[in-house]
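This report concerns only the one structure given below.
The values are calculated or read from the model by the stated rules, or taken from the named source; none is laboratory data. From a predicted model like this one, the values you see are computed outputs, not experimental measurements. All Cβ positions, glycine included, derive from the backbone under ideal geometry; neighbour counts span all protein chains shown.
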There are 2 protein chains.
Amino acid sequence: MKDSGKISPSVIRRLPRYYRFLSNLEKAGVSRISSKALSEKMGVTASQIRQDLNCFGGFGQQGYGYNIKDLKTEIEGILGIDHKCKIILMGAGNLGRAVATHMPFDELGFELIGIYDAAPLFTGLKIKDLPIKQMDTLGDFCRLHKPQTAILCVPDDSAKELVAQLYKLGVHSFWNFTHYDILTDFPDALVENVHLSDSLMTLSYQIKCNF
Amino acid sequence: MKDSGKISPSVIRRLPRYYRFLSNLEKAGVSRISSKALSEKMGVTASQIRQDLNCFGGFGQQGYGYNIKDLKTEIEGILGIDHKCKIILMGAGNLGRAVATHMPFDELGFELIGIYDAAPLFTGLKIKDLPIKQMDTLGDFCRLHKPQTAILCVPDDSAKELVAQLYKLGVHSFWNFTHYDILTDFPDALVENVHLSDSLMTLSYQIKCNF
């Protein structure tokens, strides 16, 4: 494997999509695919596929195609999803519960080890066999189990204080569903934002422009 | 307002974020802000803000700043969120329920008018005062109420058939939480994908690179 530090961010952004298509092909029993066939399935040019995949070793052989299993393993390594990173969920409201039950964490490089919510009403209820815990136990839990990452599904107005608390406890990476801008206060944090309202507004724009 | 067709896609992608910041400022009672102050809040350069906002009319006055209400109204117009587009939710599982309860549709240019799920178990249950309906009533509903947009929160393997059905019924825009690649089969559809697993894999990559 080439040093993944040298792969451009735009290629990295595209890797999860390659990974999804390759996983589906593997599940369907396909073992090899040409860049042309893959390009037709993915709706990008074969030349883009060859360029992207050549960035990390060029698994394709002229006239022979890509070995799907090898390529998938390679992408797993680059994305780091072959190692499990401990993650905790903050906020067990509608969105938090959906994320906890919907996401196949173990297939994506994570192990969900704890769920917290400020509402005493939820304490002890289970999601995916994990009990929802009270916030006052968060410190001890983090010192003992050392989660690296937190999913933020809390109200926007409590996010800032919560991130400060988590940061002190050694949690420095965040899958952020709130609108709190973590990097403004913690420029060294690793952050992936999911701004659902931005996404829906972008769709609104597309629809408006089409009328 | 300038013709929004001439605004570059990258500026459009940034508009929802401006909109969010301006909304928060307005809620906090702020009426004017300089590009410098806005840039500090948003973590982008003042020059980028001036360039972006000049694309559609240049509401800022030298030494006087932007009128927040006017700018917000302008962005609402560009994004089309001042008009309400009828949207239906397909799939009332964990994710669908979270999306239906969590999203302030009316603030984002949409009106949620119907919820459908294939599971008879859910039929009649209400989410946000809307009853979950049976799939066999979808055709009549669409002919009567003419929704333009559907939110897809169904399992991946049922998405293709469902989109084909919706397309025939006049629903041509999709907020897609599935991994089905709508544009491959319907290149004219308007699609905004939310690929949560891609987002989490991207975070995994960031974490891996930081060790």
Q) Among (1) in contact with a helix residue (DSSP H, G or I) (Cβ under 7 Å, 6 or more places away or on another chain); (2) without any contact (Cβ under 8 Å) to a residue 60 or more places away in the chain; (3) buried (at least 19 other Cβ atoms within 10 Å of the Cβ), which single condition is A:LEU203 missing? A) (1)
Q) Hey, among the residues in the range B:135-151 that are within 10 Å of chain A (Cβ to nearest Cβ) and surrounded by 19 or more Cβ atoms within 10 Å (Cβ to Cβ), which one's farthest from B:CYS85 (Cα to Cα)? A) B:ILE151
Q: Assess whether B:ASP70 counts as being away from chain A (no Cβ under 14 Å), surrounded by 15 or more Cβ atoms within 10 Å (Cβ to Cβ), charged (D, E, K, R) and under 29 Å from B:LEU190 (Cα atoms).
A: no
Q. Quick one: B:GLN148 ticks every box in (1) free of Cβ contacts under 8 Å to residues at least 60 places away in the same chain; (2) in contact with a His (Cβ under 9 Å, 6 or more places away or on another chain) bar one, so which box is it?
A. (1)
Q) Residues that are farther than 30 Å from A:GLY109 by Cβ: which helices (runs of 4 or more DSSP H) entirely in the range B:116-210 hold 1 or more of them? A) B:138-145, B:156-168, B:182-185
(Q) Being at pLDDT below 90 and within 11 Å of another protein chain (Cβ to nearest Cβ): is that true of A:SER47 here? (A) no
Q: Could you tell me whether any residue of the range A:74-92 is of a type outside the set (Asp, Glu), more than 10 Å from chain B (Cβ to nearest Cβ), exposed (fewer than 13 other Cβ atoms within 10 Å of the Cβ) and not in a helix (DSSP H, G or I)?
A: no
Q. With respect to B:ILE132, is the statement that it is crowded, with 21+ Cβ neighbours inside 10 Å, touching a helix residue (DSSP H, G or I) at 6+ places or on another chain (Cβ under 7 Å) and among the β-branched types (Val, Ile, Thr) true?
A. yes
Q.
Looking at the range B:152-209 only, could you name the residues that are of a type in the set (Val, Ile, Thr) and within 9 Å of another protein chain (Cβ to nearest Cβ)?
A. B:THR184, B:VAL191, B:VAL194, B:THR202, B:ILE207
Q | Unmet requirement for A:PRO104, which otherwise passes all of (1) within 25 Å of B:HIS195 (Cβ to Cβ); (2) free of Cβ contacts under 8 Å to residues at least 40 places away in the same chain; (3) not assigned by TED's automatic domain parsing to the domain that holds A:HIS179 | A | (3)
